[in-house]
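Nothing in this text is a laboratory measurement; each read-out follows from the coordinates by a stated rule. Keep in mind the model is a prediction, meaning the values are calculated, not measured. Note that we place each Cβ from the backbone using ideal geometry, even for glycine, and neighbour counts take in every protein chain shown.
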């Protein structure tokens, strides 16, 4: 019968992945249980509370910035016939509105990424540049993700739910790949 030490030694190559998953889940649940989300009469997010502090301004500002950047890419770069107002994008071609809400902002994913790198072993001097670069890349990738969703919605509106759901998993895969890059190229 193998001892616990032998079992741990046998699976030591999984230590980093297990550590990654533990930090990911801890960050996810810390986020989930730290914020209280209020909804308006339509069921859309309206107020974000952390303890008793209203953080709606931060989330609303991020969503408005995201919507304007998505507008720039879809309208100015890809020449789509759309109109943007605050956090909404109206697709003229199909006379439909896409509302970008806080969960589209990428803030949670940025928080998760921050936690993974900040609490994972590695030199502080590398974390000081890798975290900001990673956060900027995640923001940029999220702008591309939402722009792609708008593009799909404009041409294949019936595929919106599928593309929206799948893009979330791809987003987390990208965060995982950032961690792999950290683990394999930066930390060691």
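Computed per residue of the chain from DSSP H runs no shorter than four, each worth -39500 (n - 2.57), the mean residue ellipticity at 222 nm is -20000 deg cm²/dmol. Per-residue extension of 0.36 nm, minus the Cα-Cα distance of residue 77 and residue 173, leaves a gain of 31.9 nm for this segment. Taking the Cα atoms of region 4-186, the ratio Rg/Rh between the radius of gyration and the Kirkwood radius comes to 1.04.
Extending 7 Å from the Cα toward the beta-carbon at both residue 186 and residue 128 defines two label points whose distance is 1.4 nm. Each of residue 86 and residue 36 was given a label point 7 Å from its Cα along the Cα-to-Cβ line. The distance between the two points is 2.3 nm.
Taking the chain as a Gaussian network of alpha-carbon nodes connected by springs under 10 Å, the highest mean-square fluctuation of the residues 87, 79, 142 belongs to 79. Mean-square fluctuations from a GNM of the chain, with a 10 angstrom spring cutoff on Cα atoms, peak among 159, 69, 109 at 159. Using Cα springs under 10 Å in a Gaussian network model of the chain, which residue among 31, 129, 102 shows the largest mean-square fluctuation? Evaluated over the chain, the most mobile residue of the options is 129. At an R0 of 25 angstrom, the distance between the Cβ atoms of residue 111 and residue 165 translates into a FRET efficiency of 0.75. Take the Cα of residue 57, step 7 Å toward its Cβ, do the same at residue 12, and the gap between the two points is 5.2 nm.
When 5, 86 are sorted by how many other C-beta atoms sit within 10 angstrom of their C-beta, beginning with the fewest, the order is 5, 86. Pairs of Cα atoms under 8 Å, at least six residues apart: use those to get the relative contact order of the chain, whole percent. Dividing the mean separation by the residue count of the chain yields 17 percent.
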